[in-house]
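Read the figures in this text as sums done on the coordinates, not as results from a lab. If you're wondering where the values come from, they're calculated on a predicted model, not measured in any experiment. Because the Cβ atoms are built from the backbone with ideal geometry, glycine has one as well, and the counts that use them run over all protein chains shown.
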Amino acid sequence: MLVAAAFAGATIGFGLALTLDEAYGGKSVRRREAPSGRRLVLLTAAAAGLAVIVWSSTSGPAEAAALAVVSALFLALVATDIERHLLPNRLIYPALPVVLLLGPWLPADGYLSALVGAVLGFAILLAPNLAVPGALGAGDVKLGALIGAVVGAGLLLPALTIGVIAGAVASVIFLLRSRTRRTSLAYGPYLILGAFSVLLL
């Protein structure tokens, strides 16, 4: 079964790598260009590995399927944020209702917890976005809502804490190694790392 899970994950990851440019929208889409080999390899391998972990850490097929959907969404968001510093509304807006509907089969463990988690995740990340312009982008705030819907109210603070700490450490390293401070660090992958930490560990 683990081999089948890895194959299914690899197929999903490969499909994401091929179609991900459609999520960017607008003039930034370069439809004539094929996906980079790096994206194909990394997304395929990451999706295969996550599929194995998800199958091994869940108690039934319904929970595994729900987490597989979330993992694919998170991988797509990680890839877009790393490549273009963008968390597309085309991904986040449809993902929110889907994740809320999957609430009973996710760590949120229910519709109410998923809804409360989404509201709290949005509110918690909205505060630094408003208080310190440029600290977090609007996409990160909406990602907070998505993470809250996945992990629920009870696990939201641990997930965000891990993500914020990981992002802060990465930011310090990035600034120390960068010759210019004009470039910015994609923060979404670290928030998603925090979510995965409480989802799969």
At 25 °C and 0.890 mPa s, the Stokes-Einstein diffusion coefficient in µm²/s for the chain, with hydrodynamic radius from the Kirkwood sum on alpha carbon pairs, is 142
In deg cm²/dmol, rounded to the nearest 500, the helical mean residue ellipticity at 222 nm of the chain, built from -39500 (n - 2.57) for every DSSP H run of length 4 or more, is -26000 deg cm²/dmol
Give the separation of the Cα centroids, the stretch 146-201 to the stretch 96-129, in Å. 17
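Would you mind calculating the relative contact order of the stretch 2-200 from Cα pairs under 8 angstrom and at least 6 residues apart, reporting the percent as a whole number? Present the calculation step by step, with values, prior to reporting the outcome.
Values: 283 pairs, mean separation 38.0, N = 199.
This gives 19 percent for the stretch 2-200.
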Per the rule of 0.36 nm per residue minus the C-alpha distance, extending residue 119 to residue 3 adds in nm 38.0 nm
Taking 190, 111 and counting other beta carbon atoms within 10 angstrom, the fewest-first order is 111, 190
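Quick test of the membrane-span-like rule: which DSSP H helices of the chain reach at least 24 Å along their long axis (C-alpha atoms) with mean Kyte hydropathy at least 0.5? Walk me through the numbers on the way to the answer.
Numbers: long enough: 2-19 (25 Å, 1.88); 37-57 (30 Å, 1.35); 61-84 (34 Å, 1.31); 111-131 (30 Å, 1.88); 138-177 (36 Å, 1.82).
Helices passing the filter in the chain: 2-19, 37-57, 61-84, 111-131, 138-177.
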